[in-house]
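> Shown below is the structure under consideration.
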Amino acid sequence: MRFRASREIKRTKIEIIPMIDTMFFLLVFFILASLNIIDLRGINIELPPSAMVKTPVRDPRDVKLEVEIDANGNKYVNNGKKIPADESISKELLAAVVKQFRGQPSAQDLSVMTVIIAPDETTFHEHVISAIDDSRSVKIGKFAVR
């Protein structure tokens with residue numbers, strides 16, 4: 001009589017990839033569930049005004065000075081009145097600085113201010129240079145040509 005061989009024992013395999021996917025799904029589920037638990041509403045509070053509030057010091061780099069020059073050499077400081085090509089704009093520049101700065105700026109403030117010079121396409125170079133020279137006579141130290 002022949003006996004059958006005993007059953008072969010198969011080794012079981014533990015698949016790790018489906019377990020990782022399941023853990024990620026659980027993690028996402030718990031994060032989303034915890035976000036719904038937190039009450040995200042706030043309380044409207046009116047705070048009393050402070051007696052120690054200082055008026056902010058105006059940064060001289062924020063002062064906008066723009067000199068536009070048309071084809072004939074006429075200049076306009078901050079879109080103001082027309083200044084003929086042969087006249088200096090230093091007085092108008094200083095008036096614009098005082099107006100925007102709300103007072104007389106110091107020499108150090110003037111040295112960090114920027115004048116934006118916007119010439120027309122056909123403006124001669126001499127008019128741009130005269131605008132720079134007039135700005136330097138007021139002690140303004142930085143220029144940008146648009």
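> Determine, yes or no, whether Thr114 is out of contact with any Leu (no Cβ under 8 Å at 6 or more places or on another chain) and of a type in the set (Val, Ile, Thr).
Details: out of contact with any Leu (no Cβ under 8 Å at 6 or more places or on another chain): no; of a type in the set (Val, Ile, Thr): yes.
Spelling it out, it is not the case that Thr114 is out of contact with any Leu (no Cβ under 8 Å at 6 or more places or on another chain) and of a type in the set (Val, Ile, Thr).
> Please determine whether any residue of segment 18-36 is at pLDDT 70 or above and either part of a loop (DSSP other than H, G, I, E, B) or within 30 Å of Arg102 (Cα to Cα) (or both). Outline the logic, then answer.
Let us first name the residues in segment 18-36 that are at pLDDT 70 or above, namely 18-36.
With either part of a loop (DSSP other than H, G, I, E, B) or within 30 Å of Arg102 (Cα to Cα) (or both) added as a condition, the list becomes none.
Scanning segment 18-36 turns up no residue that is at pLDDT 70 or above and either part of a loop (DSSP other than H, G, I, E, B) or within 30 Å of Arg102 (Cα to Cα) (or both).
> For segment 114-139, give me each residue that is of a type in the set (A, V, I, L, M), in a helix (DSSP H, G or I) and buried (at least 18 other Cβ atoms within 10 Å of the Cβ).
Keep residues of segment 114-139 that are of a type in the set (A, V, I, L, M), which gives 115-118, 128-129, 131-132, 138.
Filter once more, so that each one left must be in a helix (DSSP H, G or I): 128-129, 131-132.
Val128, Ala131 - these are the residues of segment 114-139 that are of a type in the set (A, V, I, L, M), in a helix (DSSP H, G or I) and buried (at least 18 other Cβ atoms within 10 Å of the Cβ).
> When you scan segment 80-106, how many residues do you find that are touching a Gly at 6+ places or on another chain (Cβ under 9 Å), in a helix (DSSP H, G or I) and of a type in the set (D, E, K, R)?
1
> Follow-up. From Ser88, Ser111, which residue is surrounded by fewer than 17 Cβ atoms within 10 Å (Cβ to Cβ), at pLDDT below 80, of a type outside the set (A, V, I, L, M, F, W, C) and within 18 Å of Phe143 (Cα to Cα)?
Numbers: Ser88 fails: at pLDDT below 80.
None of the others qualify; the one that does is Ser111.
> Additional query: In this structure, does Lys64 turn out to be closer than 15 Å to Ser135 by Cα, loosely packed, with under 14 Cβ neighbours inside 10 Å and not hydrophobic (A, V, I, L, M, F, W, C)?
yes
The values are calculated or read from the model by the stated rules, or taken from the named source; none is laboratory data. These numbers were taken from a predicted model, which means no experiment stands behind them. Note that we place each Cβ from the backbone using ideal geometry, even for glycine, and neighbour counts take in every protein chain shown.
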